[in-house]
Every structure is written in C-alpha cells, then in structure tokens.
Amino acid sequence: MDSHVIMHMDLDYFYAQCEERENPSLKGKAVVVCVYSGRSAHSGAVGTANYIARGYGVKAGMPISLAENILQNVDAAFIPVNYKLYEQFSENVMALLRNYGESFEQASIDEAYLDVTGKVNGNFEVARKLASHIKEEIKIKEGLTCSIGVGPNKLIAKMSSDFKKPDGLTVIEPNEVRNFLFPLPVGKLYGVGKKTEEKMATLGIKTIKDLAHFNPDRLAELFRGKLGLYFHRASNGLDDEPVQERGEAEQISRMTTLKENTRELPQILPELKRLAHDVYIKVTEQELDFTSVSIIAIMEDMSTHSKTKSLEAATPEKGVIYTVAEKLFQALLKERSELNVRRIGVRVAGLTKRKGQKPLHNFLS
DNA sequence: GTATGCTTTCGGC
DNA sequence: TTACGGCCGAAAGCATAC
C-alpha cells in the first residue's frame, strides 16, 4: 500500500440547493439566487443558479436583469442571497465529514478534502463505498446532494469531483490517472490560468498530455520559480500537498455598491468608514491581527483598481483600517481622474492569530 | 539573469 | 440591445536582491 486515498467533496449548486431545501415548493422551478445591489429593483448579479436555470443559459455572475429576460417564459424563482442559511448548512455538513477522514480540510463554504487512506486501508473500491455512504448520509441528514471525487492525491480528487456533477461519484485509481488527465485541455489543470494557457499554446502545448511529455528542464526555464517543476509534476498526476486543517482566512474584505456613480468624497467616505468598521468587527471576532490594508474601487466602466499598504507590524487596531483606507482611496482617485466610482471595498490581509496580552491602544498617537 | 515576495487583477461561485 | 455583487483564493504583474 503505497498510495494515499484522498476524497474531495463539492456540494452541488450550493446556494440554490440550500434554498430548495428550505422551501420544497421550489423543486422543479428554475432557481436563481441573486445578490441585489439595492440601486434599483433589479440591479445586481446572479450568485448561483440551479441546473434547471443553467439549462436555459443562466450563469453565476451574470446581471440579474439578463437572467430575468432569459427566464421570462419559464417558471422561475429569483431569491435574494441568505448567507446565514448557507453557513448553517455548510457547518452541519462539514461537522459530519470530519468524522470520516484521518485528516480533514475545508477548502471553501461548499468544498472539503478528506484523507481516508487508513480508513479504507488504501483500497479504492472501499473508498468508493465510503464515498457512497457519505453522500447518502448528507442526503438523509441535510437533504443535500454533492459530488465526490476520489484519487491518489488532492489534485486528482479535486479534478475527479468536477468530472461528473451534480450528484456524481468518480473514482480515479493510480493506474487510471494518466488516462483521466491526458485528454483534458491544459487549461483544466489547476494552476494554469488564461495567460499561462496562451503561453503554453505557443509552445505547442494544448492538452495535459502535451504538458506531461514536455521536456522538464525546458519547462523550468520557461516558467519562473517553482512553477515549471509544478507543471511537470501536476500534468503527470503527481501532487503531495497534505490534507490539513486550514488556518484562519488569509484575507477579510467588505464591498458595497454606491447609491450613484460619483467622485465626491462626501458621498464616498462615510461608506468607506462603514466598510472599515465592518471589517474591524469581523477581524476582532476572530481575534486576528493584520499586516496590510487595501481598498478596491470598481469604476463606472466596471474596471477594477486596488491599492494596498503593508504595515510595519501586525496590528489589531481599528483606527488604522480607516485611516489607511482613506489615504489609499484619495491616491487612487487622483490616479484615475477620468471616471466615476461605482463600487468600493476595504480589505485586510496578512492575518495572524492575535497573541499575548491586549495591545496598548493609542500608545503612539 | 533568476528567485522571491509583494501588489494588482482575474475568475469562480 | 443593454443589463452587473460580494467575497474569496489563484494568477499575473512588478519590484527587489542577489
């Protein structure tokens, strides 16, 4: 037994499925979970949609008005997001999953990895039965379907859970890894984004197979840092990232849409202050210090701009967030002197668990 | 030049 | 015909140090 057995679970069309679960009369309808901006009755974007809505072409991120148009002759429900509801379902499912792996890693609100190597004694057929059992238990206890992928490492587990959904179960044994990966376009490989895919295309690399057979030394020259080695290993199905509990989130941010597009500070700064306060509350709840503060601005043409200031040392202080955010925002406005602002955001990052005694507030002020 | 880490933008849900 | 959120982590871009 030399192979790990890793499982990746992904809850299907998560937000919309939670809504169906809360309100069974939605079953059979196109369900669209909406993030309304509050600007006008229909302004906002689609958070996610169930498979009936997707069948008509509705996708996450599209304008709500467009989804309404597409579904105008369809029995459809447009529901505002209810994050609290989804967090509750997520907590329940994650608590249930934790019991099954010797190690567990929650990757997002609706995804998790389990290392079940010992539990199934390295046997992939036993792992299939276990995955089937887990799906059943989530279905019975929470009324939700999910897709599970099983593979010899996290990379393959993740890609196989994606292979069949919704309600899928895909098991890729070590000797099947290459047959599974090789036909896929190289852009499907985790870590290969649009730019990298384009660069690889110019090198004649179209599929994961092409990448796997590409000279590794040449690959290391072409992609800076550890990337070349990573691409070589990943395309050959190799990955040794451990399944481990994640620490706190790496960043915390809050965003909002302004009532109207503007460059007027009296309209913008009070909102910025509110966002800074909300971020502070979240940071304090989790007892975190942060080492950088950023602001994000989305202009009337939907272009995104951001500015970050790294701090001298990790701090938990409230005043720092707004003070820095305001400075950054004014600087950004100066740089982008042509356009009005539509949305703004505040972010802190470089989060670490607060340690030691309470900090001396205002010591330097 | 290459490796690394920080900043900015992208993209999924 | 257009239409457009909030949050996160990943990818890409940039600066710095040798």
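Could you list all residues from segment A:206-255 that are among the acidic types (Asp, Glu), crowded, with 16+ Cβ neighbours inside 10 Å and within 16 Å of DNA strand C (Cβ to nearest atom)?
Residues of segment A:206-255 among the acidic types (Asp, Glu): A:210, A:217, A:221, A:239-241, A:245, A:248, A:250.
Adding the requirement that they be crowded, with 16+ Cβ neighbours inside 10 Å leaves A:210, A:239.
Passing the criteria: only A:ASP239.
The single condition from (1) in a helix (DSSP H, G or I); (2) within 16 Å of DNA strand B (Cβ to nearest atom); (3) modelled with pLDDT of 90 or more that A:THR170 fails is (1). Condition (residue is of a type in the set (Lys, Arg), in contact with a strand residue (DSSP E or B) (Cβ under 8 Å, 6 or more places away or on another chain), more than 26 Å from A:TYR100 (Cβ to Cβ) and modelled with pLDDT of 80 or more) applied to segment A:186-197: is it met by at least one residue? Checked segment A:186-197: no residue is of a type in the set (Lys, Arg), in contact with a strand residue (DSSP E or B) (Cβ under 8 Å, 6 or more places away or on another chain), more than 26 Å from A:TYR100 (Cβ to Cβ) and modelled with pLDDT of 80 or more.
Would you check which residues across segment A:173-194 are assigned to a helix (DSSP H, G or I) and within 16 Å of DNA strand B (Cβ to nearest atom) and list them?
Just the residues of segment A:173-194 that are assigned to a helix (DSSP H, G or I), to begin with: A:174-181, A:186-188, A:194.
Listed by number, the residues that qualify are A:VAL186, A:GLY187, A:LYS188, A:LYS194.
With respect to the conditions (1) within 15 Å of DNA strand B (Cβ to nearest atom); (2) crowded, with 18+ Cβ neighbours inside 10 Å, A:SER37 falls short on a single one, namely (2).
Every residue in segment A:156-174 that is within 15 Å of DNA strand C (Cβ to nearest atom) and either of a type in the set (Val, Ile, Thr) or touching a Lys or Arg at 6+ places or on another chain (Cβ under 9 Å) (or both), please. Scanning segment A:156-174 gives A:MET159, A:ASP162. Scanning segment A:1-30 for residues that are within 16 Å of DNA strand B (Cβ to nearest atom), among the hydroxyl-bearing types (Ser, Thr, Tyr) and within 30 Å of A:THR117 (Cα to Cα) turns up just one, A:TYR13. Which of the residues that make up segment A:334-358 are at pLDDT below 90, under 29 Å from the mean Cα position of the chain (by Cα) and among the hydrophobic types (A, V, I, L, M, F, W, C)? Within segment A:334-358, just A:LEU351 meets the criteria.
The residues listed here are A:GLY28, A:GLY55, A:GLY38; of these, the one that is within 11 Å of DNA strand C (Cβ to nearest atom) and at pLDDT below 95 is A:GLY38.
Within segment A:93-118, residues that are farther than 19 Å from A:PRO152 by Cβ sit with their Cβ atoms under 9 Å from residues that are surrounded by fewer than 20 Cβ atoms within 10 Å (Cβ to Cβ) and hydroxyl-bearing (Ser, Thr, Tyr), at 6+ positions apart or across chains, in these pairs: A:ILE109/A:TYR83.
Within segment A:58-69, restricting attention to residues that are surrounded by fewer than 18 Cβ atoms within 10 Å (Cβ to Cβ) and not polar (S, T, N, Q), which residue is farthest from the chain's Cα centre (by Cα)?
A:GLU68
The values are calculated or read from the model by the stated rules, or taken from the named source; none is laboratory data. Keep in mind it's a predicted model, so treat the numbers as computed, not measured. Using ideal geometry, Cβ is built from the backbone for each residue, glycine included, and neighbour counts are taken over all protein chains shown.
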